[in-house]
Amino acid sequence: MRRTNSQHWDRTWGLSRVVFTVIYDANVLYPSMLRDLLIRVAQAGLVRARWTEAILDETFRNLKENRPDLDPSKLDRTRELMCAAVPDCIVSDYQPLEQVFTDLPDPGDAHVMAAALKVQAQVIVTNNLKHFPPEMLNPWGLEAKHPDDFLMDQFHLDAVELHVAVRNMSEAYRNPPLDVDDVLDRLDAEGMPQIAAALRR
């Protein structure tokens with residue numbers, strides 16, 4: 001598969017760096033703090049993040065089922081804000097490609113692979129690595145990454161942007177207020193111990 005990457009202009013160094021296209025799976029958009037950080041990583045221009053309406057359907061269907069304490073209208077608003085925050089995030093017209101991936105460990109993930117192929121993504125960010133075995137991804141130039149490993153990659157690329165993102169997350173929380181340590185504690189609790197520890201250092 002031919003790889004194409006957008007170019008991000010780094011004003012600090014006056015250099016052009018390659019920005020990879022990534023697909024965020026539903027399970028990494030489910031935890032609120034992780035979702036917030038992943039979106040801010042995309043807003044910072046470190047990656048070009050994409051997802052589908054089907055991925056969002058799964059994310060917010062599960063949130064509404066598992067978290068009856070959350071206001072459904074606020075969850076709908078969160079979905080709208082996510083898409084507004086990351087321009088051109090929605091992948092469309094990928095459905096015909098799903099038939100290529102019917103032999104995945106979970107055939108229900110065919111839409112994720114199809115979307116990745118459609119936009120020539122390099123990485124699928126997912127907690128379900130077993131659902132995306134390397135032998136099935138490698139021929140398409142794809143790699144599945146756990147979100148903690150993915151965020152560590154971004155940290156090594158631009159630690160300052162990650163620190164800024166977490167600080168901005170902290171400042172955005174009002175009820176209840178959260179300081180940076182609180183944000184990192186919640187990322188750790190959501191299964192992101194590496195990036196939480198790196199940002200604490």
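The values are calculated or read from the model by the stated rules, or taken from the named source; none is laboratory data. What you see is a predicted model; the values in this text were computed from it and never measured. Glycine also receives a Cβ, built like all others from the backbone with ideal geometry; neighbour counts cover every protein chain displayed.
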For this session: Working only within the stretch 165-179, note down all residues that are in a helix (DSSP H, G or I) and surrounded by fewer than 17 Cβ atoms within 10 Å (Cβ to Cβ).
Result: R167, N168, S170, E171, A172
For this session: Out of V125, V91, V86, report the one residue that is of a type in the set (V, I, T), surrounded by 14 or more Cβ atoms within 10 Å (Cβ to Cβ) and touching a Pro at 6+ places or on another chain (Cβ under 7 Å).
Result: V125
Exercise. Do we find a residue being outside any loop (DSSP other than H, G, I, E, B), closer than 26 Å to L187 by Cα, under 15 Å from the mean Cα position of the chain (by Cα) and among the basic types (K, R) anywhere in the stretch 132-147?
Worked result: yes
For this session: Return only the number of the condition from (1) touching a helix residue (DSSP H, G or I) at 6+ places or on another chain (Cβ under 7 Å); (2) outside any loop (DSSP other than H, G, I, E, B); (3) in contact (Cβ under 8 Å) with a residue 24 or more places away in the chain that N127 does not satisfy.
Result: (2)
For this session: Please determine, by comparing only the residues of the stretch 180-201 that are modelled with pLDDT of 95 or more and assigned to a loop (DSSP other than H, G, I, E, B), which one is nearest to L46 (Cα to Cα).
Result: M192
Exercise. Given the conditions (1) surrounded by fewer than 15 Cβ atoms within 10 Å (Cβ to Cβ); (2) under 12 Å from the mean Cα position of the chain (by Cα); (3) charged (D, E, K, R), and given that D57 satisfies all but one, which numbered condition is not satisfied?
Worked result: (2)
Problem set entry | Which numbered condition R174 fails, given (1) at pLDDT below 95; (2) under 21 Å from V28 (Cα atoms) | (2)
For this session: Report whether or not F155 is buried (at least 19 other Cβ atoms within 10 Å of the Cβ) and modelled with pLDDT under 95.
Result: no
For this session: Test L162 against the criterion of being part of a helix (DSSP H, G or I), surrounded by fewer than 19 Cβ atoms within 10 Å (Cβ to Cβ) and either touching a residue at least 12 places away in the same chain (Cβ under 8 Å) or touching an Asp or Glu at 6+ places or on another chain (Cβ under 8 Å) (or both), and give yes or no.
Result: no
Exercise. Consider V112 against the criteria (1) under 20 Å from the mean Cα position of the chain (by Cα); (2) surrounded by 13 or more Cβ atoms within 10 Å (Cβ to Cβ); (3) without any contact (Cβ under 8 Å) to a residue 40 or more places away in the chain: it satisfies all of them except one. Which criterion is unmet?
Worked result: (3)
